[in-house]
Amino acid sequence: MKMPLIEAVNVSRRFSRKLDHAEKIANLFGAGLEEKTVHAVDDVNLAVYPGEVVGLVGESGCGKSTLGRVMAGIMPASGGEVCWQGRPLMALEGQEKRDMRLAAQMIFQDPMSTLNPRKKVIDLIGEAPKVHGIIKAREIREYVASLAERVGLDASYLDRYPHQFSGGQRQRIGIARALAVKPKLLVCDESVAALDVSIQAQILNLFMDLKREFGLTYLFISHDLGVVKHICDRVVVMYLGRVVESATPDDLFDNPRHPYTQALIRELPSVTDRRRVFTPIKGEIPSPLHPPSGCHFHPRCPKAFDRCRGERPILKPNSAGHVSACHLNDLPARNNETATAEPAI
Amino acid sequence: MTPVLDVRNLSTQFMTRRGVLKAVDDVSFTVGQREIVGLVGESGSGKSITGFSILGLVDPPGRVVSGQILFNGQDLLKMPPAAMRTIRGKRIAMIFQDPMMTLNPVLSVGTQMIETVQAHDRVSHTEARQRSRDALGLVGIPSPEERLDSYPHQFSGGMRQRVAIAIALLHRPDLIIADEPTTALDVTIQSQILFEIKRLATEFGMALIWISHDLGVVAALADRVMVMYAGRIVEAGQVDGVLTEPRHPYTSGLLSAIPAAVPRGEPLRPIPGFAPSPLSRPSGCAFRDRCVRATEICSTEPALEIAAGREFRCFHPHVERAA
C-alpha cells in the first residue's frame, strides 16, 4: 500500500481555559472549580494519500477546522501525532521541518482577514517565495505575474491592495499565495463558503485544474455536502470531534450508514430533488464542553438504544473503503436494512 | 383575492460620492395572501435592499426614489412616519440573517419581547409576558418560561434565530420578510427552522418573502420565486417552472453552476465573468456581457414578457419545452 502523504494518528486537540486568580482563591475556600476543557478533536485517525482529494464535512463546532489546522502543522496536537510522509512532525528538524511547512499550505474562508490590507498583491504573493529562497528578489514580479495569471488574476493588478478586489478575486490571491511556495498539500478550510454560486463554481474548477497541473493533494474542509460530493475522492464525516463515517462520495450518498450522515444527506436542500416536507432531526448540536456520553450523537439519534449511551462506538468497516462508527453495525438486523435504499425513520 | 403586497416600479438609489448607485431598479411584484415567495440573487443584486425598502428601512445616502408599495391597498411610501410605525413590526415583520445583530445583548429576551408587544398593544406587563412565553413555545424553544429571563448570548445560533422568529410572530403579521435567515446555520438546524417556518406560515395564514442566495432552500420552501440580477427582477414564476425550465439565461446559468448540475468530477459550468459594478452597469440588459445568447439588440432595454404565469426580461429566452 502507498504511504500516506500526511496522516493523523490518534490525534486529539484540547483547548482549556486556565483558572484565573479569583477562581483559584475561590478554590482555596472549597469552591471546587475545574478547568473547562473543550475536546475539539478527539482521537481521530485520518490518512491522506498523494493525489487524493479528501473532504472533511460536519457542522459548526465538530472540530473539522481544528483537525485541518493540526494536519497543516500550524497548530500542535495535544495527543497523538501527525506524520508527514511517514515521519512524525515532532521528529522533523531544521530544513526538513521547513520543507514540510512549505509543502502544506492553507487556504482560508475569508481572504479579507488573511490578506494584510496594507500590502500590495505582489508582496502578498511574492514575500514567502523570496524569503524561502525559491526565487531571487529580482524575479519576483515575473514569478508573481505568472502565478496570478495561472489563478485567473489580471497581471496588471499586482500593485493593487486587497480591498480593491471582489470576494472571488481575493480568494484567487489567497490561492496564488499558497501556490507560490510550491506546496504538495493544500488544506482548504471553507474556501468557497462565502462565495456566490457562480464564483464558487469558478474557484472549484480552478482547484481541480491546479490539482492536475501541479499534482496537488487536497484536504477539503466544508459544511457543504454538495460541493464535497462533487470534487472529493473520499468524504470523512465528523461529529463533535470524532469521525463518524468515511467513504467514497457515491457510496456515502447512496448508502450512508451512520444515522447522522443519513440525516445530513436527507436534510440537504436541493434544486433537483424538490422536497416539500421537512423531517428534521431533533435537538441542538451539544456543547463540546460537555459532550454526551458514549456515542456523541445518541441524544439526537432516532435509533439510539442503551448501548449508545454508555459505550463509544469505534469505526468498523462496512464494505471496502467504507467505515462508520455506530453500534447498529453490530446488530444482525443491520444487514437486512441495507436492502432498502432509504431507511424509514 | 387582493394581494397582501403589491410593489409597483420600485426604485431605490444610493447617492454616493462616486455617483448614483441603482440598488433596486424599477422592480414590480406582488405577494398573495398566504403565499411564500422566494427572492434569489447573488450578493449585490439588490434583494436585501428590496426588503428594506418595503419596510422603509433604507438609510441615507439611500432613498426610495420612485414607485408604489401597496400593502393591503395602502401606499407605504406615502404614509407618514407615525403611521408607518404602526405597520412595521405589527403588520409586516422582518427576520434578519444574524439575530445577534438584531437582539440587544444587554437586555433579556423577555424584556425585548415584552417591549415589542407593548409597542403596539396597550396590554399589561403580565399579559405581554404571557404572550411572549407563548410565542417562544410556538417556535419550539424548550421551557419558554425560564428562557424569557435568558440573554441572547445564552442561546445557540439556531435558538437565537427561533427567538427572532418568535418576535416577528408576536403580532401575527400579515407578511414576514426574512432576509437570509438560515444562511449562517448548519444543515440540520436549517432544516428545523424551515420546518417551523413552513408550519407557522400555514397555521397563521401569513405571507412570506424569503430572501436567499440558496436556490435549494427556496426550491424546498417557496411557492413562487423571483430571480434578481443587478437591481432588477429578470425572471419570476412558480418554483416548479422557473427552477426546472428557466427562460432567462441568468437563471439557467445559476442552476448549472450548482455542483449537482454536472456529473461528479467533471468541470463545473460557472457563468463567465463577474456581476457588473452597480455604479457602472451596462445599458440595456445588464447580463449581456456574461450571456452566451447576447446579440446587438441586448444593448436596448428588454421588455417584461408575461407568458403562462411566467415573467422574464430577455430578448433571447430559452424556448419553452413542449408540455
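Please rank A:F15, B:F52, fewest neighbouring Cβ atoms within 10 Å first, as an exposure proxy. If you can, show how the numbers build up before the last one.
Working: A:F15 14, B:F52 19.
Lowest to highest Cβ neighbour count: A:F15, B:F52.
Counting only other chains, and only Cβ atoms inside 10 Å, what mean value do you get across the residues of A:226-235? Show your work: numbers first, answer last.
Values: counts 5, 4, 1, 3, 10, 4, 2, 1, 0, 0.
Average per residue, whole number: 3.
What fraction of the DSSP beta bridges in chain B is antiparallel, stated in percent and rounded to the nearest 5? Mind dumping the intermediate values first?
Details: 31 of 50 bridges.
Taking every DSSP beta bridge within chain B, about 60 percent pair in antiparallel fashion.
Mind sorting B:I211, A:I285 by how few other Cβ atoms lie within 10 Å of their own Cβ, fewest first? Walk me through the numbers on the way to the answer.
On the way: B:I211 26, A:I285 21.
Ascending number of Cβ neighbours within 10 Å: A:I285, B:I211.
Of the options A:G80, A:L124, A:T248, report the single residue whose Cα projects farthest towards the positive end of the charge dipole of the protein assembly as shown (beta-carbon charges: Lys, Arg +1; Asp, Glu -1).
After comparing all options, I get A:L124.
For the range B:12-132, which semi-axes, largest first and in whole Å, follow from the square roots of 5 times the eigenvalues of its Cα gyration tensor?
Working: eigenvalues 175, 64, 45 Å².
Values for the range B:12-132, descending: 30, 18, 15 Å.
Report, in listed order, any pair from A:K136/A:K211; A:K97/A:K182; A:K282/A:K303; A:K2/A:K184; A:K182/A:K229 with a Cα-Cα distance greater than 20 Å.
Values: A:K136/A:K211 26 Å; A:K97/A:K182 15 Å; A:K282/A:K303 12 Å; A:K2/A:K184 16 Å; A:K182/A:K229 27 Å.
Over 20 Å Cα-Cα: A:K136/A:K211; A:K182/A:K229.
How big, in percent, is the set of alpha carbon pairs in the protein assembly as shown lying more than 46 Å apart? Walk me through the numbers before you get to the answer.
Details: 52278 of 222778 pairs.
Counting every Cα pair in the protein assembly as shown, those more than 46 Å apart make up 23 percent.
What order do you get for A:61-68, A:37-44, B:13-20 when each peptide is scored by the mean count of other beta carbon atoms within 10 Å, highest first? Don't skip to the answer; put the middle values down first.
Details: A:61-68: 24.5, A:37-44: 21.6, B:13-20: 12.8.
Taking the mean over residues of other Cβ atoms within 10 Å, the ranking is A:61-68, A:37-44, B:13-20.
Once you average over the residues of B:212-219, how many Cβ atoms of partner chains fall within 10 Å of each Cβ? Present the calculation step by step, with values, prior to reporting the outcome.
Details: counts 1, 3, 3, 4, 9, 3, 2, 8.
The mean count of partner-chain Cβ atoms within 10 Å per residue comes to 4.
Give the average, rounded to an integer, of partner chain Cβ atoms located within 10 angstrom of each Cβ in B:261-273.
Values: counts 5, 2, 1, 8, 7, 3, 5, 12, 4, 12, 6, 2, 2.
Per-residue shielding by partner chains comes out at 5.
Exposed loop GluC sites (Glu not before Pro) only (DSSP loop, at most 11 other Cβ atoms within 10 Å): please give the longest stretch of chain A free of them, not including the sites.
Maximal segment without exposed cleavage sites: A:94-345.
Over the Cα atoms of chain B, how large are the radius of gyration and the largest Cα-Cα distance (Dmax), in Å?
20.7, 67
For A:G241, which sequence-distant residues (separation of 5 or more, or a different chain) have an amide H within less than 5 Å of its own amide H, given hydrogens modelled in the peptide plane?
Hits under the 5 Å cutoff: A:G63.
Expressed as a whole number of Å, what is the distance separating the alpha-carbon centroids of the range A:1-44 and the range B:250-283?
When both Cα centres are located, 44 Å separates them.
Compare the Cα positions of B:A119, A:L46, B:A23 along the charge dipole of the protein assembly as shown (+1 at Cβ of Lys, Arg; -1 at Cβ of Asp, Glu; about the Cα centre) and return the one farthest towards the positive end.
After comparing all options, I get B:A23.
Throughout, read-outs are computed from the coordinates displayed, never taken from laboratory work. Just so it is clear, the structure is predicted and the values come from calculations on it, not from any experiment. Because the Cβ atoms are built from the backbone with ideal geometry, glycine has one as well, and the counts that use them run over all protein chains shown.
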